[in-house]
Structures are given as C-alpha cells and as structure tokens.
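> The structure that follows is given in the form of structure tokens.
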Amino acid sequence: MSIYLDSLKKRFLTYKELAEKTFAQLSDEQIHWQPAGEPNNIYIIVKHMSGNMLSRFTDFLTTDGEKPWRERDAEFEDKEPKATKADMTAIWNKGWDCLMQTLDGLTDADLSKIVHIRTEPHIVIDALNRQLAHYPYHVGQIVFLGKMMKAENWQTLSIAKGKTREFNEQKAAGK
C-alpha cells in the first residue's frame, strides 16, 4: 500500500475511533435524541454514513458510487426508535468494513484511475479525499450531539481544557 493510502486509512480510522468513543458514553435512548428543529440524531447520522460507505465503496473502481439500490432519503428517517447501540454498531461496522476492505485492495496504480459518483468523473484520489472530508464532517456532528447530551459528564476525546501544557510536557517526556 502506498504512503498516501496508509495515511488515508489512518485518518479514516482516527475519525471512526472518535465516533466510537462518543457512542461508548451514550445510552440506547440517547442515540435517538434530537435537539429542537430537525437536526439528525446519532442513529440517523450512522445510517447515512454507512449507506454512503456501502454505496461509494462497493465495486469502487467499476461502478458508479451512487448505487441504484441505495435509498439515501430513507437514511435520514429514524423509523427504528427501539434500535439499540448494538444495532447501530452493526450498521456502522458494515459500512466501515466495506470502506476498509476497498482501501486494502487499492494499489498506487489505482490512484490515477477514474471513478464516477452520480455520473461525475473523479480521479480516485479526489474521490477518496471527498469521502475523507465527508465522514469527519458527520463524526463532528456525532461528537457535538454527544457533548450536548452528556454536558458536564462528557469525557473529552482529546486534550482536556486547561491541560495542553501538561499534555505537551508528558509527550516530550515520552509518556
């Protein structure tokens, strides 16, 4: 695998982990919580991300990334209010497994090939970068919703407020 593909996979997995650390802090009921207005809940975001991954990365090099079997609009409906975190995690992992298997199968020679998304041609690198921008956007939504729900009980996923100097000193000391 190329340096680019290794880096890409590492970045994707970093964002996957952030979302999963958020899921771990939430209850089955909280994955369905929505603030006022009509924003998506975490369960809906996961359905959308997984649907996108399955559509984009099934037969990635040979078929359009928007598959005819995808029901994108249905991804934005929470018709399973009793779905559990385990149910959601199964949906989540199905999408991520498809993405990772595709990345594992790509070669440097594939990076300059052309793929299509909704009939629009993309160089493979651009199609991959498009998804690397898309998924962290939604992971940010997941984390933000988790922080809203957990409030003062939120367990930070990065350096805690006021702890940057301490963190940097520990890193410098090899800890």
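The values are calculated or read from the model by the stated rules, or taken from the named source; none is laboratory data. As the structure is a computational prediction, the values presented were derived from the model and not from experiment. Every residue, glycine as well, gets a Cβ built from its backbone with ideal geometry; the counts of neighbours run over all protein chains shown.
> Does F60 satisfy being part of a loop (DSSP other than H, G, I, E, B), hydrophobic (A, V, I, L, M, F, W, C) and modelled with pLDDT of 95 or more?
yes
> Is one or more of the residues making up segment 82-92 touching a strand residue (DSSP E or B) at 6+ places or on another chain (Cβ under 9 Å) and surrounded by fewer than 15 Cβ atoms within 10 Å (Cβ to Cβ)?
Checking segment 82-92: not a single residue is touching a strand residue (DSSP E or B) at 6+ places or on another chain (Cβ under 9 Å) and surrounded by fewer than 15 Cβ atoms within 10 Å (Cβ to Cβ).
> Out of curiosity, is T156 in a loop (DSSP other than H, G, I, E, B) and more than 19 Å from the chain's Cα centre (by Cα)?
No, not satisfied.
> Of the residues that sit in segment 28-39 and are over 24 Å from D97 (Cα atoms) and modelled with pLDDT of 95 or more, which one is surrounded by the fewest Cβ atoms within 10 Å (Cβ to Cβ)?
The qualifying residue surrounded by the fewest Cβ atoms within 10 Å (Cβ to Cβ) is E29.
> Failed condition for R70, given (1) surrounded by 17 or more Cβ atoms within 10 Å (Cβ to Cβ); (2) touching a Leu at 6+ places or on another chain (Cβ under 8 Å), with all others met?
Here R70 meets the rest and fails (1).
> OK, next. Considering only segment 1-10, state which residues are surrounded by fewer than 13 Cβ atoms within 10 Å (Cβ to Cβ) and either of a type in the set (K, R) or touching a Cys at 6+ places or on another chain (Cβ under 7 Å) (or both).
K10
> If you check L145, L103, L111, which single one turns out to be over 13 Å from the mean Cα position of the chain (by Cα), over 27 Å from I3 (Cβ atoms) and touching a residue at least 24 places away in the same chain (Cβ under 8 Å)?
Exactly one of L145, L103, L111 is over 13 Å from the mean Cα position of the chain (by Cα), over 27 Å from I3 (Cβ atoms) and touching a residue at least 24 places away in the same chain (Cβ under 8 Å), namely L145.
> Go through (1) surrounded by fewer than 12 Cβ atoms within 10 Å (Cβ to Cβ); (2) assigned to a helix (DSSP H, G or I); (3) of a type outside the set (A, V, I, L, M) and name the single condition S50 misses.
(1)
> Checking I42 against (1) β-branched (V, I, T); (2) surrounded by fewer than 18 Cβ atoms within 10 Å (Cβ to Cβ); (3) in contact (Cβ under 8 Å) with a residue 12 or more places away in the chain, only one condition comes out false. Which one?
All conditions are met except number (2).
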